[in-house]
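**Student:** Got a structure for you, written out below as structure tokens; questions coming shortly.
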Number of protein chains: 2
Amino acid sequence: MRIALAQLNAVVGDIAGNEQRIRKQLAEARRRAAQLVLFPELAVTGYPPEDLLLKEHFLADARAAVERIAADAVGIVAVIGFPERAEDVFNAAAVLADGAVAATYRKVHLPNYGVFDEVRYFQSGPGGAVLEIDGTTVGLTICEDVWQPGPPLSDEALAGATVIANISASPYHAGKGVERERMLAQRARDNLAAMVFCGLVGGQDELLFDGHSVVVDHEGVVIARAPQFAEALLVVDVDPLAAGAARLRDTRQRPAARDARAGVTHLGSFAARAGAGTATDVGGPVAPLLDPDAEVYAGLVLGTRDYVEKNGFERVVVGLSGGIDSTLVALVAADALGAGRLTCVTMPSPYSSPGTLGDARALAANLGAELLEIAIEPMMRAYDTALAEPFAGREPDLTEENLQARIRGNLLMALSNKFGWLVLTTGNKSELGVGYSTLYGDSAGGFAVIKDVPKQMVYRLVAVRSARDDHSPVPASIVERAPSAELRPDQRDDDSLPAYAVLDAILEGYVEHDLGRDQLVARGLPAEDVERVIRLVDLAEYKRRQNPPGIKITQRAFGRDRRVPITNRYRG
Amino acid sequence: MRIALAQLNAVVGDIAGNEQRIRKQLAEARRRAAQLVLFPELAVTGYPPEDLLLKEHFLADARAAVERIAADAVGIVAVIGFPERAEDVFNAAAVLADGAVAATYRKVHLPNYGVFDEVRYFQSGPGGAVLEIDGTTVGLTICEDVWQPGPPLSDEALAGATVIANISASPYHAGKGVERERMLAQRARDNLAAMVFCGLVGGQDELLFDGHSVVVDHEGVVIARAPQFAEALLVVDVDPLAAGAARLRDTRQRPAARDARAGVTHLGSFAARAGAGTATDVGGPVAPLLDPDAEVYAGLVLGTRDYVEKNGFERVVVGLSGGIDSTLVALVAADALGAGRLTCVTMPSPYSSPGTLGDARALAANLGAELLEIAIEPMMRAYDTALAEPFAGREPDLTEENLQARIRGNLLMALSNKFGWLVLTTGNKSELGVGYSTLYGDSAGGFAVIKDVPKQMVYRLVAVRSARDDHSPVPASIVERAPSAELRPDQRDDDSLPAYAVLDAILEGYVEHDLGRDQLVARGLPAEDVERVIRLVDLAEYKRRQNPPGIKITQRAFGRDRRVPITNRYRG
């Protein structure tokens, strides 16, 4: 049986555009003689459409697009994710066949944890559903439906499905793709069914979808894989008889089968002879997997490109300090958009060292990006004069440091306002975690490319990118210099923060795993650092709440993934 | 039967503090001879604790506090909301009696719409529960459990409960208290049971809880009411026999009763003779209801006070422009904290009129608040010079207007940094709706007092507050002057926006009721304005996402209440 997986980069709200993307891939799947073509979860609306789902006219527009697409489904069965408005709203898969909407499947398991809010919008479907295509029984599932080992997946297999199709929008974090592939392999073995996973690809605000569509046979062997972080149409030949034959030998599930079948809806039998008889071998192209850090880097590139393109920006601007964070952001931006769409701005103060200024210039030149230089001292002096009276008798402190950062933020935003450029901010997760950033200063901008990247990973990602070229665009001194905000003479980050190795370990435990003070100390982290970092993380919540969106790449990102109160007296 | 309703202002995360607040009210309820005392939903942790609920140690700390409080529950039954960690996590009510935790009730209906995310945290309880106190059957419910007319409420009544206790944390919007009281009256009549509603009071980030605890008898008559927006211990005598007697005459529900009883847990019988025999009359104090605009004003005052106090700020600072918005914020701040804790700052530019500057001075003087004056022209000149080269050949535009707003934001933040003051921002819902504000400029600050107040309501609230004193602190010219941002000569808001009456009507329909373009036009709103405003609202989402939190007072606030994507190509 020939199946096409359309790993689509659907745009949220762009129903007309998504319809065109779907029709194009549907035509290509027909041309390549597929009998079944899959499109991701909510492919018609993009994922997640959030409160657009509360608009009746939005739901009606999505339905109308599905009806139009159906006309193209001739000689092929198409399964397409859309929000179905019926007696309630369902996260559904439309089955298109013979030029019409033949049936729908409704997602059973609605995730409402982490970044997910599906119970806010959807009613659960009643259970599994299967359809027959040219004699092969195919079970339908949507995303979360296969993350639980039981029904509807197991019911569908027990009802005879030897191929389980899963259409998905599975948000990325580092390593998620491999984890997902292993889970699918286990499901295949447990149910003696081929698993066909069609994933969404692309960036959507804070979420990134890695694509990584994959087909595993009933023994858990990967027989086809689409690339990570790119659109693709993956065409694969699956042997539907192999799983059935295996079930004759392996009858563990038989006792459960009769009950299970009762809960499964039969959606009908369809002929889609386009590809019948053409498949001799099984399998399809198997894209190689990226190494862990290269995977994250590629994700940041796609997430940045999609935020910029989907929001209609022509150009981005980055403040280059000569430090490692803004270096990584500039590298990602140049890879995402081309250096010709990147303006770098260096804004030296009297505290900036010649070394960082020179490094910023060298980096921009090596990348081939435009560089502007604007000294901030005149604004510093104007503010100092204006504030001399209210500040009389007070020593300089963080206030004056913050003003430098805010002057730089203002200059970048002025360029943004004047020329329509998007400002990319450069704060990393370690700094934003402990509030080592200036609100309306270095955090001012439209998109926070590396806000979920811990400082130690920042270095690794720069190294991965540097190693790609024979001559790295990154001056060695950027990597070697001790991190400093350069907001006062001879400042170093580790004057005020624990070493980044310690800081990142505490943050990972506290933020990603909800560990408390005692558990962190029991892991060998210094009690004093643990207590201080926890306190700083809690206190900085008000700042993070006003940060621009950025790409989630860890198991728990600040933002929609970690929802904590600002007003909060709990310690630890 | 004597019941005490402890309308508590619990602080999120302050388990130790909440324990003390609870014990104090519990002692007072015993002193006043109550047999039953109710505390709000999640009173031990505050509401909503959000992702604190994902920490095992947080749940253990909450449980330990309940165990300690139980020791005080002697001669009285106490019902206290807490998160119960068992085989899963439940939004629960602990029943404390005879010095111990005697039983728990688990919330059945978990709201997961609007501002609510309870399915993210909690498992549903199995159904209704009743207990007997000195021979009277009392049904237990938590918040949402009574917003649905059926079980568990109806089951408990059918199982014999003549008093239904509801402990709640019910987020405020204008008019919600009256709506809730009417709903409770209908539930009382439908079930022939007295409804005893104990509500949380206080501000928590964007949410405000209005208190407004109320007791209605089985005929729907309000027999006691606590004040809105203030802590209170409301003590009321309820006649538990009257509802039972009414059921002898009105037997509509009898056919359903047998099945219902099966679904209800009997938590036990308790003696709490403290108040037995002392009640001769029924009822208790009935606080008057505030008029609609006075209600919102009082809500803003409490919401502001709680954000400031719960986050430990000594003083707040407001930029006074001489316009109506900053006037309202200064009035609210002075009422919330006392004018002695308010610093006003007026920051004139060359475009400021003498009228607005004089009005700002007069308002601060009338309030008795400190006033600082800082002219922004030197900073404007410094930025113009610094940007002369990149801006060469370009006309002045919004960029230079935004810079003025950002200079003011920087000055307020510098005062905040230097002195530890909280900056209150002054944007209203109409402006934030259409993006008529400067990111990092007038929107820079820690708390956005009136971010959910439409412009027309801003005027009404100033009028309500002005009418309270014989001599209003508000100069008449502030109210009479046409609104202007004063960022260029002779600027008026209605140069770039529809009249506020039209704007507010469109925003209400689009934002609060999810109406589309066609529906709004069908309501008689000008098509051109409708299309423009919808577009502006969608485009400004990225700005709102970076705004500080502010108090929800409408049916749908921007923020956690209205969750829309930034990247969104849907129009309408």
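The values are calculated or read from the model by the stated rules, or taken from the named source; none is laboratory data. From a predicted model like this one, the values you see are computed outputs, not experimental measurements. Note that we place each Cβ from the backbone using ideal geometry, even for glycine, and neighbour counts take in every protein chain shown. The protein model used for the area step is the full one, side chains on, heavy atoms only, and it has no ligands, DNA or RNA in it. Shrake-Rupley method; radii C 1.70, N 1.55, O 1.52, S 1.80 Å.
**Student:** What does chain B give for Rg and for Dmax, in Å, if only its C-alpha atoms count?
**Tutor:** Considering chain B through its Cα atoms, Rg and Dmax are 26.4, 89 Å.
**Student:** Of A:HIS173, B:HIS266, which has the most accessible area and how do the rest follow, probe 1.4 Å? Could the numbers behind the result be given before it?
**Tutor:** Details: A:HIS173 20, B:HIS266 125 Å².
From most accessible down to least: B:HIS266, A:HIS173.
**Student:** Also, I was wondering about something else. Please say if the stretch B:57-142 is rounded, prolate or oblate, where rounded means a/c under 1.5 for a ≥ b ≥ c the square roots of the C-alpha gyration tensor eigenvalues, and otherwise the choice is prolate for a/b larger than b/c and oblate otherwise?
**Tutor:** Oblate, because a/c is 1.5 or more while a/b does not exceed b/c.
**Student:** Give me the base-10 log of I(q)/I(0) for the stretch A:201-245 at each q in 0.20, 0.23 Å⁻¹, Debye formula, one uniform scatterer per Cα, rounded to two decimals.
**Tutor:** -0.69, -0.80
**Student:** Can you tally the net charge around A:ARG468? Count Lys and Arg as +1, Asp and Glu as -1, for every other residue whose Cβ sits under 13 Å from the Cβ of A:ARG468.
**Tutor:** -4
**Student:** If you take every DSSP beta bridge fully contained in the protein assembly as shown, what fraction is antiparallel? Give it as a percent rounded to 5. Show your work: numbers first, answer last.
**Tutor:** On the way: 78 of 150 bridges.
Antiparallel bridges make up about 50 percent of those DSSP assigns within the protein assembly as shown.
**Student:** What ranking of A:ASP134, A:ASP493, B:ASP61 comes out by heavy-atom accessible area, probe 1.4 Å, highest first?
**Tutor:** Result of the area sort, largest leading: B:ASP61, A:ASP134, A:ASP493.
**Student:** Taking the Cα centroid of the stretch B:510-572 and of the stretch B:382-422, what is the distance between the two, rounded to the nearest whole Å?
**Tutor:** Distance between centres, Cα-based: 28 Å.
**Student:** Spin-label point model (7 Å from Cα, Cβ direction): what's the A:ARG252 to B:GLU231 distance in nm?
**Tutor:** Distance between the two pseudo-spin positions: 5.9 nm.
**Student:** While we're looking at this one, here's another question. Note down the relative contact order for chain B as a percent, whole number, built from C-alpha pairs under 8 angstrom at least six residues apart.
**Tutor:** Once normalised by length, the contact order is 12 percent.
**Student:** Follow-up question, since we're still on this one. Given a Förster distance of 25 Å, report the FRET efficiency between B:GLN186 and B:ALA245 from their Cβ-Cβ distance, rounded to the nearest 0.05.
**Tutor:** The calculated FRET efficiency here is 0.75.
**Student:** Once the whole set of protein chains is in place, how much accessible area is left on B:VAL286, using a 1.4 Å probe, in Å² to the nearest 10?
**Tutor:** 80 Å²
**Student:** Then there's this: With r defined as the distance between the Cβ atoms of A:ARG68 and B:GLN555 and R0 fixed at 35 Å, what FRET efficiency is calculated, to the nearest 0.05?
**Tutor:** Taking R0 as 35 Å, the efficiency between A:ARG68 and B:GLN555 is 0.50.
**Student:** Using modelled amide H (1.01 Å from N, peptide plane; none on Pro or chain starts), what sits under 5 Å from the amide H of A:PHE229, excluding residues fewer than 5 places away?
**Tutor:** Sorted by chain and number, the residues that satisfy this are A:GLY211, A:HIS212.
**Student:** Expressed as cubic angstrom per residue, what is the convex hull volume of the alpha carbon set of the stretch B:89-231?
**Tutor:** In the stretch B:89-231, the Cα hull volume divided by residue count equals 122 Å³.
**Student:** Report relative contact order for the stretch B:464-527 in percent, whole number only (criteria: Cα-Cα under 8 Å, sequence separation at least 6).
**Tutor:** 14 percent
**Student:** What whole-number value in cubic angstrom gives the convex hull volume per residue for the C-alpha atoms of the stretch A:407-492?
**Tutor:** 125 Å³
**Student:** Report the rotationally averaged projected area of the stretch B:95-134 based on its alpha-carbon convex hull, in square nanometres.
**Tutor:** Its Cα hull, projected and averaged over all orientations, spans 4.1 nm².
**Student:** Could you tell me the center-to-center distance, by alpha carbons, between the stretch A:141-199 and the stretch A:300-376 in angstrom?
**Tutor:** 41 Å
**Student:** Answer rounded, prolate or oblate for the stretch B:450-537, using the Cα gyration tensor with square roots of eigenvalues a ≥ b ≥ c: rounded when a/c is under 1.5, else prolate when a/b is larger than b/c, else oblate.
**Tutor:** oblate
**Student:** What is the antiparallel percent of DSSP beta bridges lying wholly in the stretch A:1-145, to the nearest 5?
**Tutor:** Roughly 75 percent of the beta bridges in the stretch A:1-145 run antiparallel, per DSSP.
**Student:** A further question on this structure: Can you tally the net charge around B:VAL511? Count Lys and Arg as +1, Asp and Glu as -1, for every other residue whose Cβ sits under 12 Å from the Cβ of B:VAL511.
**Tutor:** Its environment carries a net charge of -4.
**Student:** Counting residues in the protein assembly as shown as N, plug N into 2.2 N^0.38 Å and put the Cα Rg over that result.
**Tutor:** 0.98
**Student:** Right, another one. Can you send over the solvent-accessible area of B:GLU373, 1.4 Å probe, protein chains only, in Å² to the nearest 10?
**Tutor:** That residue has around 90 Å² of solvent-accessible surface.
**Student:** In nm, one decimal, shortest first: how far is the label point of B:GLY340 (7 Å from Cα along Cα to beta carbon) from the matching points in the other copies?
**Tutor:** For B:GLY340, the inter-copy label distances come out at 6.7 nm.
**Student:** May I ask you to evaluate 6.51 cos²θ - 1.76 cosθ + 1.60, the Karplus curve with θ = phi - 60°, for each residue of the stretch B:307-321 and list the ³J(HN,Hα) values in order in whole Hz, giving x for glycine and proline?
**Tutor:** My calculation for the stretch B:307-321 gives 4, 5, 6, 5, 9, x, 8, 8, 8, 10, 9, 10, x, 9, 9 Hz in order.
**Student:** Let me ask you something else. How far is B:ASP397 from the same spot in each other copy, in nm, shortest first, if each label point sits 7 Å from Cα toward Cβ?
**Tutor:** Relative to the other copies, B:ASP397 has label-point distances of 4.1 nm.
**Student:** Can I ask one more? Using alpha carbons only, how many angstrom separate the centre of the stretch A:72-97 from the centre of the stretch B:22-70?
**Tutor:** Distance between centres, Cα-based: 48 Å.
**Student:** When DSSP assigns beta bridges and you keep just the ones with both residues in chain A, what percent turn out antiparallel, to the nearest 5?
**Tutor:** Counting DSSP beta bridges with both partners in chain A, the antiparallel share is about 50 percent.
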